[in-house]
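The structure under discussion appears below in the form of structure tokens.
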Amino acid sequence: MAGEIYYSFGFGVLEMKVIETIPEFREVRAGCKGTVGFVPTMGYLHKGHIALVERARQENDCVAVSIFVNPTQFGPKEDFKTYPRDKERDLAMLEPFTDFVFMPSAEEMYPAGYDTWIDVGSITGILEGASRPGHFRGVATVVNKLFNIVQPHNAYFGQKDAQQLRVIQKMVRDLNMPVEVIACPTVREPDGLAMSSRNTYLTPEQRAAAPVLYQSLMMANEMWQTGERDAAAIKKAMIRLIQSQPLAQIDYISIADATTLQEMEACHSPVLVSLAVRFGTTRLIDNLLLE
């Protein structure tokens, strides 16, 4: 069938199907029995992605993964063209756990004349949304389209992209979409750095400095556990620690309500501490939930 590719790597238990067009995916999806778990990705997979896929495998009868570097969530000065890609490596990592991989082209997802967008509202205009205008419109639109195509019962997202997770949860709730959004813990390197495809951009010196993000979150947690509730005091201590690394340039540090993402002055549980920091041209994000 045109557009459908079969991979048999010989070490998994599944015959994983890689499908490139929407009609062909829907044809295959119609044959799925039981629950479908779905993990949307932009590829260049790491252990964090695979943890999501493994959980989907444990909790569902069928597992679908999408690999699509979505152009509409990148700004004009961002890294769409240079975003890391490795199709063969990704498929080899997915094969032991995955029934279907959906790998559409940009033209398949956004055909000529496409002009429909999902705007989730005020939650998208702050934090990452303020730093990356239009980003969440692209995210919400592509996830909405993928949900319509895949029709999953359960969809798995990492807590590392905390604002993205909340945007998707709100979209699903507000639009009465029949899918359960399941949040999974951030997967970290041994030194605490959150796993990210963008970590590959870091120079050795930047990589050595990057764990300061996690260290600052751990310090915020320690202050919280010992009774500190003044957001300004926690933020000041985090800034001081991050700025002790000359290569780190802070974009923002947020101490906010974990649901609305509105900034707090006096903290009350649950609190989301999140940050974005640049190392050269590489921008990393991380967060921690205080409860």
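The values are calculated or read from the model by the stated rules, or taken from the named source; none is laboratory data. Fair warning: this is a prediction, and the values are worked out from it, not measured in the lab. When we count neighbours, we look across all protein chains shown, and the Cβ atoms used for this are built from the backbone with ideal geometry, even at glycine.
It is to be established whether one or more residues within the stretch 100-114 are β-branched (V, I, T), under 26 Å from A30 (Cα atoms), modelled with pLDDT of 95 or more and touching a Leu at 6+ places or on another chain (Cβ under 7 Å). Taking every residue of the stretch 100-114 in turn, at least one turns out to be β-branched (V, I, T), under 26 Å from A30 (Cα atoms), modelled with pLDDT of 95 or more and touching a Leu at 6+ places or on another chain (Cβ under 7 Å). With the structure loaded, tell me whether A112 is surrounded by fewer than 18 Cβ atoms within 10 Å (Cβ to Cβ), aliphatic (A, V, I, L, M) and under 15 Å from S254 (Cβ atoms) or whether it fails that test. No.
Looking across the stretch 154-180 at every residue that is part of a helix (DSSP H, G or I) and touching a Gly at 6+ places or on another chain (Cβ under 8 Å), the one that is farthest from G37 (Cα to Cα) is identified as Q163.
The sole residue among R166, R229, R240, R137 that is more than 25 Å from F279 (Cα to Cα), modelled with pLDDT of 95 or more and outside the structural domain of E54 (by TED's automatic domain parsing) is R229. Within the stretch 31-40, the residues that satisfy the criterion of being surrounded by fewer than 21 Cβ atoms within 10 Å (Cβ to Cβ) and either touching a helix residue (DSSP H, G or I) at 6+ places or on another chain (Cβ under 9 Å) or touching a residue at least 40 places away in the same chain (Cβ under 8 Å) (or both) are C32, T35.
One residue is enough: does the stretch 207-225 have a residue meeting the conditions part of a loop (DSSP other than H, G, I, E, B) and either surrounded by fewer than 17 Cβ atoms within 10 Å (Cβ to Cβ) or of a type in the set (D, E, K, R) (or both)? No, the stretch 207-225 has no match at all. Residues that are touching a residue at least 40 places away in the same chain (Cβ under 8 Å), part of a loop (DSSP other than H, G, I, E, B) and over 19 Å from L288 (Cα atoms) are absent from the stretch 181-197 altogether.
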